[in-house]
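Report on the following structure.
The values are calculated or read from the model by the stated rules, or taken from the named source; none is laboratory data. Being a predicted model, the structure only gives us computed values, none of them experimental. Note that each Cβ is placed from the backbone with ideal geometry, even for glycine, and that neighbours are counted across all protein chains shown. With ligands, DNA and RNA removed, areas are computed over all heavy atoms of the protein, side chains included. Shrake-Rupley method; radii C 1.70, N 1.55, O 1.52, S 1.80 Å.
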Protein chains: 2
Amino acid sequence: MSTRRATIADVARSAGVSPSTASVVFSGKTPVSDATRRRVMDAAATLGYSGPDPRAASLRRGRSGIVGVVFQGPLGTAFLDPVIRLMMDGLADAVAPIDAGLLLLREGVEGDSPGASLTTAPIDAAVLVGCTPGMADSLATLRARGIPVVVVEGDAGPDVPRVILDNREAQRSLASHLRSLGHTDVALVTLPTSGQSDPGWIDERRRHEITVDVTRHRLDGVRDVYPDAPAYAATASSIDAGLAAGRAILGDAQQRPTAVLAQSDLLAAGVLRAAAECGLTVPDDLSVTGFDGIDVDGLAPSLLTTMVQPATEKGRAAGEAVVAMLAERDAPSVCFSSVFREGNTTAPPLGS
Amino acid sequence: MSTRRATIADVARSAGVSPSTASVVFSGKTPVSDATRRRVMDAAATLGYSGPDPRAASLRRGRSGIVGVVFQGPLGTAFLDPVIRLMMDGLADAVAPIDAGLLLLREGVEGDSPGASLTTAPIDAAVLVGCTPGMADSLATLRARGIPVVVVEGDAGPDVPRVILDNREAQRSLASHLRSLGHTDVALVTLPTSGQSDPGWIDERRRHEITVDVTRHRLDGVRDVYPDAPAYAATASSIDAGLAAGRAILGDAQQRPTAVLAQSDLLAAGVLRAAAECGLTVPDDLSVTGFDGIDVDGLAPSLLTTMVQPATEKGRAAGEAVVAMLAERDAPSVCFSSVFREGNTTAPPLGS
DNA sequence: TTGTAAGCGTTATCAT
DNA sequence: ATGATAACGCTTACAA
């Protein structure tokens, strides 16, 4: 019993066939006689050979079968967002046909690159998630390596296929819905305005410092209808962050809006809670809208009036773009539409 | 301008050095004179060479720098569990020093293996998450490939390092707490009893079909104190599943327990909601305990009485085990202890 | 259907 | 500090 693992050459020799034949038995790329196949498999079993070494195969093929998924924050944080989770499912689905795995990558930490994964990961393609401050760097790195990239919910220039949502229009629909109900005094809760941002009212200055596309576009959508609606930025897309924002918005009984537009369902759930704290009945005293159309665990029987976005589809589209690019085909950018869903959290303002 | 990408040999030639020297400039494994380094870097820049091809490097080195993380269900579902998310963070942390990436892998689908990722992924080690039905198969595959494995919350036999929790003892602490408060009539809500299971009461037969270690051990912990406590199995660890279970348990006003032990905080949050539906005040009319000690988004101001488990630490330990094994060192199994935390959801039963 | 041969791009070892 | 050389284990034209 030798110390080194058997190679396909060993198997071939032991089976009395050529290495190429043995290779083909495993890859199935060429017909092989049953007798030969059996001999090879037997030899493999005997030698404890469990198939071609993926490292060698990927060098030879020029492909690793791995797609990188690049996030900015801690992984656990990224997956807090239900939309991201759904997207991952769609992505996994779409790359399954080419048998690709998903490698979790964190965007280069600022300054140095200690664990320079982006520069050394054996990936065939990459999916950039979200429009992040470091995206430009990541993109440059990837491009230098000649690795195809697709961006989800971000803008990486004309040459990079993107998968996006009609954020502005969708958010505008929600605002229009409120206006048609008769609301004139609304406020909004936005997603974080930058990678690292404090909660608080968005003034003119801060308005111009919004680096997160999604946040800006949805804000614009509201402003299309309510140009002067005050906006409060949350620190994350979570119920707790929404609760905090809701308290800030609803705290002053003298100066309460009749409706709050939250930029995500999770935030809206928090606003709902804040409303309850303030003794407000939704939708009678206050209307609340969300965004995403996910199932917020534990929110029932409330059903948010929201825009349902095809999150899984977005991931699938990104995956399909990757597959296309790896097949040397063109990958078009795609923009998905969100669908209005009326729940039980919106109604005409009191006294209208 | 040739069509093929520059290799390290091209760079070396262009810089007037040997390939080995150029290689060393990039790997930093051996001192190189400043002048030489500069020449090589310049040549690389000129040729658009962005560093060694990871595929070739990994073949040569015998290492890919990738650690596989094996789940059973859809990725998005796995990440629903906050404990898993935290574990991923710890894991990512622990493998960062060896600059390893995390590859998401799904346990072989039943029967055939269409996208046979486990058999062909270029991974140096693998982390199996949870005790799943298919674990034995995955393990066999990995073992045949000679890939080191560590299991989190599962049992893969004596040779496989494991990272586990004192589930039974921890759950027993909670039960003891309730007993010491005076509760004699308790019920419990368990995690799913198998990969695919319906919700419902656990009878003697089903009791023996529990394939999920965590579920069984925590159940045992309760039974150590309350041998006859009825148990209701949830379909998932979520607020909604806990709500459903809570309704089943609390629905009959004539036959209500005075306390419910849920096997996860999310489930407990659902039970809390069910209690509210039934008009019960917690903890006066009903005591509820959780398990995990996570921050349930939106649960405040309720604070569950629960066992706080070091989820991130578990991931870190798994990562450290991987690092050890890759360094040919022994990786010990570790068992973490959970810490009792008294919240505001438990109290003596009414009239005691 | 099977065999021959030529790399894929690196890096480790051992000299110098 | 640098260079020559030999693998690493596999796949795929192409030939037979």
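Here are a few things to note about the model shown:
- Using the 1.4 Å probe convention, the accessible area of the protein assembly as shown works out to 44 Å² per residue with neighbouring protein chains retained.
- Peptide B:45-52 has a mean shielding of 3, counted as Cβ atoms of other protein chains within 10 Å of each residue's Cβ.
- Comparing the full protein assembly with the isolated chain, the residues of the range A:282-309 losing at least 30 square angstrom of accessible surface (1.4 Å probe) are A:Asp297, A:Gly298.
- Interface burial in the range B:75-90 reaches 40 Å² or more for B:Leu75, B:Gly76, B:Phe79, B:Arg85, B:Asp89, comparing the full protein assembly with the chain by itself; accessible area from heavy atoms with a 1.4 Å probe.
- Carbon + sulfur, % of accessible area of the range B:1-125 - ligands and nucleic acids excluded, 1.4 Å: 54
- Nm distances between copies for A:Gln254, ranked from closest, using label points 7 Å along Cα→Cβ: 5.8
- Computed P(r) (all Cα pairs; the range B:207-352; 10 Å bins; percent): 11, 36, 32, 14, 6, 2, 0
- In the elastic network of chain B, a GNM with C-alpha springs shorter than 10 Å, the most mobile of B:Arg207, B:Arg341, B:Arg37 is B:Arg37.
- Here the Karplus relation 6.51 cos²θ - 1.76 cosθ + 1.60, evaluated at θ = phi - 60°, turns the backbone of the range A:37-44 into coupling constants of 4, 4, 4, 5, 4, 4, 4, 4 Hz, with x for every Gly and Pro.
- Relative to the Cα centre, the charge distribution of chain A, modelled as +1 at Lys and Arg Cβ and -1 at Asp and Glu Cβ, gives a dipole magnitude of about 1620 debye.
- Interchain or long-range residues, amide H under 5 Å from A:Trp201's placed H: A:Ala233
- Globularity index of the range A:153-203, i.e. its alpha-carbon radius of gyration over 2.2 N^0.38 Å: 1.54
- Projected onto its three principal axes, the C-alpha set of chain B covers 90, 42, 37 Å, listed from the longest axis down.
- Rounded to the nearest 20 debye, dipole of the range B:198-352 from Cβ charges on Lys, Arg, Asp, Glu: 100
- Solvent-free Debye calculation, one equal scatterer per alpha-carbon of the range B:1-111: log10 I(q)/I(0) at 0.16, 0.19 Å⁻¹ equals -0.82, -0.95.
- Centre-to-centre, using Cα atoms only, the range B:168-232 and the range B:38-77 are separated by 47 Å.
- Neighbouring partner chain Cβ atoms per residue of B:233-245, average, 10 Å criterion: 2
- Other-copy label distances relative to A:Asp228, 7 angstrom Cα-Cβ extension, nm: 7.1
- Annotation: peptides B:120-131, A:217-228, ranked by per-residue average of other Cβ atoms within 10 Å with the highest first, follow the order B:120-131, A:217-228.
- Per the accessible-area calculation with a 1.4 Å probe, the total area buried between chain B and chain A rounds to 3700 Å².
- Accessible-area composition of the range A:204-352, carbon plus sulfur, in percent [1.4 Å probe]: 50
- A 1.4 Å probe over all protein chains sorts B:Asp297, A:Asp295, B:Asp213 by accessible area into A:Asp295, B:Asp297, B:Asp213, starting with the largest.
- Percent of alpha-carbon pairs separated by more than 13 Å within the range A:176-234: 58
- Cα gyration tensor, the protein assembly as shown - rounded (a/c under 1.5), prolate or oblate: oblate
- Mean partner shielding of peptide B:269-277, defined as the number of other chain Cβ atoms within 10 Å of each residue Cβ, is 1.
- Note on the range A:140-291: along the principal axes its Cα atoms extend 57, 30, 26 Å, ordered by decreasing extent.
- Based on DSSP H segments of at least four residues, each scored -39500 (n - 2.57), the protein assembly as shown has a per-residue ellipticity at 222 nm of -12000 deg cm²/dmol.
- In nanometres and ascending order, the distances from the A:Thr184 label point to those of the other copies are 6.6 (point 7 Å from Cα along Cα→Cβ).
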